[in-house]
Each structure stands twice: as C-alpha cells, then as structure tokens.
Amino acid sequence: MIIVWDTHTFTPVRTIFEPHKNGVGAIDISGDGALVATLSKVGPSDALHGIKQELAFWNWTAEGDSPLVVGAVITQDIQTCVRFNPSDPLEVVTNGVRRTTFWTWREDEGRFSFYSPAVSKREFPQAIANFTQSCFLPNTPSAVTATTNGELLLWSCDDTEQQQQAAAMDQSEGQPRVRKPDRVPTKLVRLHTTGGITTIHSENAYVVTGGTDGFVRIFDFRFRLLAWFEDIKSGPITSVSLSAYSEQGGRAAGTSIDVGDVTIPDFIVGTSEGNIVLVHSECFESPDPEDRQGELLLRGLTSFISCITTHPRLPYVYIGTADGRLAVYDYEERVFIAWKSFGRKK
C-alpha cells in the first residue's frame with residue numbers, strides 16, 4: 001500500500017491499495033506535497049518472466065487508485081532509490097547499483113522522458129563502486145549519487161555542447177519547447193574514508209551523508225566539510241531525518257547551530273543496529289564525546305524474530321532473532337532491558 005500520513009495528528013489521510021503488483025520498492029513525496037513517486041518492487045528473476053519495473057506518479061489528493069503517469073524502467077539494473085527535484089516537482093532521479101536515471105514528466109504528452117548517462121572510463125579510469133542513493137542539489141542544475149566506497153559522483157550540465165543543444169527548440173505537437181541540457185558525470189569525490197555512504201539528503205545549502213562507519217557528515221555544495229558527528233556509536237547509519245523548519249522565521253524546530261552561512265538543525269538517525277537516535281546539532285560544539293552520542297529514542301530488533309517466549313511470572317518477553325541475538329522486552333514499560341549476541345551460526 002501507499003499511506004500518506006498527517007505528521008501533526010499522526011493519522012493516515014490517504015491509502016492507495018495495490019499500487020504495484022509486487023509492492024513498492026522505493027517512494028518519495030514532492031517538496032510541495034502534491035505528488036508521490038513510487039518505484040515498483042521487482043526481483044532478479046522477474047525479468048525472466050517479462051515483469052518490468054515501473055516508475056509512477058500519484059496525485060494522492062485525487063479520487064481513485066490510478067497513477068497520473070507510469071513509465072517502464074528499461075535498464076536491467078533494478079532501481080532502488082527515487083528522489084524528487086526540490087526545484088522542479090515534475091523531475092525525479094532514480095538509481096540502481098550501476099545506473100542513475102533522470103526522469104521528467106511531460107504533462108502535455110502524458111508520459112515520462114528520461115535519460116541514463118554513462119560513466120566514461122576515459123573520464124573516470126578508476127573503478128567506481130556500486131551506487132546506493134541519489135539526490136538533487138536544491139536550486140542548482142546538479143545532482144549526486146553516493147557509493148558503497150564512500151564517494152559521491154557529481155552530475156552536472158555540460159556547459160558546451162549540451163548548452164547548445166538546450167538552446168535548440170524541440171517540436172512537440174506543433175508547440176515549441178526548450179529542452180533542458182542533460183546531466184553528465186563530472187566529478188568523483190571521497191567523503192567517507194572508512195566506509196560506504198548509505199544515505200544522502202540535501203537541504204538549501206548543504207548535503208548530509210550517513211555511512212556504514214556510523215558517521216553523519218555535513219558538506220556544502222562544493223563538498224567542503226561543515227560539521228561532523230562521529231560519536232553517535234549506534235551502528236551503521238541507514239537514514240537521516242532533519243528537523244522540520246517552523247513557519248516563524250524559517251528556523252528549525254528545536255535547537256540548531258550556524259556554521260558559516262548554513263544553519264544545521266537537530267536530526268534523527270536510524271541505524272542497522274535497530275536504534276533511532278536524536279542528535280542535537282549543538283553537540284557538535286561540545287568537547288565531551290559522551291555529549292555527542294545523541295539521545296536514544298528507540299531500540300528495535302535487527303533481524304527477523306525466530307523464536308519468542310514469555311516469563312512465567314514477570315512481564316518479560318524473550319525474543320530470539322535470526323541474526324543470533326536474544327533480547328528481553330518489558331511489555332509493561334515497553335522497553336528492551338537486556339541484550340545478548342551469540343553470533344550467526346554458520
């Protein structure tokens with residue numbers, strides 16, 4: 001299903017049932033909140049049965065469960081990430097492990113146009129690691145794709161031949177249209193030296209990365225390091241969510257710090273250890289490493305539950321997981337009170 005939530009009342013406001021045959025593989029919502037983009041979930045064997053991956057746009061405020069537009073992913077590389085362009089709600093970027101694709105919804109034609117630029121071995125002779133996530137840089141024509149080697153690949157518009165092509169007028173149903181120049185890979189920069197980048201997020205003037213090293217780092221659009229949070233110690237980062245800006249004054253809710261011309265708000269991280277941690281941005285300036293660990297909001301499970309039992313007298317549930325962990329959960333206090341890792345049996 002696709003569920004749209006009201007984050008003020010914590011209630012679902014719209015549910016779309018069975019948007020894709022095999023479920024949703026990735027999802028994003030446009031900056032203006034009007035559109036939802038989804039990638040259908042497919043497996044490696046689906047291509048053998050003629051099942052193609054799809055990208056769809058949805059108007060969640062409209063009646064009915066049909067998408068506004070659907071496009072087929074023609075690359076054999078299954079796309080695992082989709083992100084809207086904050087500067088253009090009709091454009092998204094998707095990526096798999098080897099290909100990045102840029103999509104634009106042509107409303108007048110009722111279809112997507114797209115292109116997937118190749119990475120030239122002449123320009124990048126070094127081996128480029130697998131891709132993880134992509135995002136646009138707001139208010140710029142550029143985008144970035146992160147890799148499992150801790151690098152960012154920058155996609156920019158070519159200012160020579162591409163610009164000349166963009167000035168040409170395409171003809172579509174007799175109406176002239178200026179075609180935007182295509183993006184091409186222009187730079188590869190290493191941002192995490194001890195692990196891969198698992199999640200990436202961009203704001204007005206900065207980029208936030210989280211990695212398998214457990215670090216969160218913040219860069220400007222020239223990839224100069226602004227702030228770093230390397231004492232969270234809750235496991236590899238899987239997601240980063242920044243505090244929303246309030247309507248009064250455009251400041252972030254909670255605390256924030258100013259680094260040069262950039263305001264960095266508080267943020268929440270999710271980790272592969274099953275933890276959700278609140279990090280106050282002002283802890284970046286604290287000399288005490290313990291202050292920089294953040295506040296544990298929730299401890300969850302790291303793998304599938306393989307066995308479960310209850311204590312005969314106390315309000316405890318004992319949970320065994322598929323990755324070799326035993327946890328004790330107090331169901332009256334609703335907290336985990338003990339953990340033990342036995343390791344995965346080979």
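Put a dot 7 Å past the Cα of Val189, heading toward its Cβ, do the same for Thr238, and the two dots end up 2.9 nm apart. Extension gain for Ala127 to Tyr115 (0.36 nm times residue separation, less C-alpha to C-alpha distance): 2.1 nm. Heavy-atom surface analysis with a 1.4 Å probe gives the chain a carbon and sulfur content of 52 percent of its accessible area. Counted residue by residue at 0.36 nm each, then reduced by the alpha carbon distance between them, the extension gain from Asp182 to Ser45 reaches 46.1 nm. In the full protein context, the chain carries 55 Å² of accessible surface per residue, based on a 1.4 Å probe and ignoring ligands, DNA and RNA. With the highest mean first, a sort of the peptides 235-241, 6-12 on other beta-carbon atoms found within 10 angstrom per residue produces 235-241, 6-12.
A simple rule links phi to the HN-Hα coupling: the Karplus curve 6.51 cos²θ - 1.76 cosθ + 1.60 with θ = phi - 60°, which for the range 188-201 gives 10, 10, 8, 10, 10, 8, 10, x, x, 8, 9, 8, 9, 8 Hz, with x for Gly and Pro.
Ordering Asp323, Asp32 by accessible surface, largest first, gives Asp32, Asp323; the 1.4 Å probe counts only protein heavy atoms, with every chain in place.
Are there chymotrypsin sites (Phe, Trp or Tyr not before Pro) in the range 11-118 that DSSP puts in a loop and that have at most 14 other Cβ atoms within 10 Å, and which ones? The partial results should precede the final answer.
Values: sites: Phe17, Phe57, Trp58, Trp60, Phe84, Phe102, Trp103, Trp105, Phe112, Phe114, Tyr115; in loops: Phe17, Trp60.
Here the chymotrypsin sites (Phe, Trp or Tyr not before Pro) that fit, given the DSSP loop and packing criteria, are Phe17.
Based on the alpha-carbon gyration tensor of the range 286-346 and its eigenvalue square roots a ≥ b ≥ c, which shape applies: rounded if a/c is under 1.5, prolate if not and a/b is larger than b/c, or oblate? It is oblate, given that a/c is not under 1.5 and a/b is not larger than b/c.
Using the Cα gyration tensor of the range 32-100, with a ≥ b ≥ c the square roots of its eigenvalues, what is the shape: rounded (a/c below 1.5), prolate (a/b larger than b/c) or oblate (neither)? In terms of gyration-tensor shape, oblate.
Loop-located trypsin sites (Lys or Arg not before Pro) in the range 275-332 (DSSP state not H, G, I, E or B) with no more than 11 neighbouring Cβ atoms inside 10 Å: Arg313. With each label modelled as a point 7 angstrom along the Cα→C-beta vector, the Ala322-Asp291 pair spans 4.3 nm.
Which value, in nm² and rounded to one decimal, describes the direction-averaged projected area of the C-alpha convex hull of the chain?
Hull-based average projected area comes out at 23.0 nm².
Normalised by 2.2 N^0.38 Å, with N the number of residues, the alpha-carbon radius of gyration of the range 73-148 equals 1.14. Label zone of Trp339 (point 7 Å out along Cα→Cβ, amide N under 13 Å): in the range 276-313 this covers 276-277, 296-303.
For Leu298, Leu154, give the ranking by accessible area with the largest first, probe 1.4 Å.
Values: Leu298 95, Leu154 25 Å².
These residues rank, largest area first, as Leu298, Leu154.
For a modelled paramagnetic label at Tyr331, 7 Å from Cα along Cα-to-Cβ, the residues of the range 288-307 in reach, with backbone nitrogen under 20 Å, are 299-307.
The values are calculated or read from the model by the stated rules, or taken from the named source; none is laboratory data. Bear in mind that the values here come from a model prediction, so they are computed numbers and not experimental data. FYI the Cβ positions are ideal-geometry reconstructions off the backbone, even for glycines, and counts take in every protein chain you see. When the accessible area is computed, the model is the full protein with side chains, heavy atoms only, and any ligands, DNA or RNA have been set aside. Shrake-Rupley method; radii C 1.70, N 1.55, O 1.52, S 1.80 Å.
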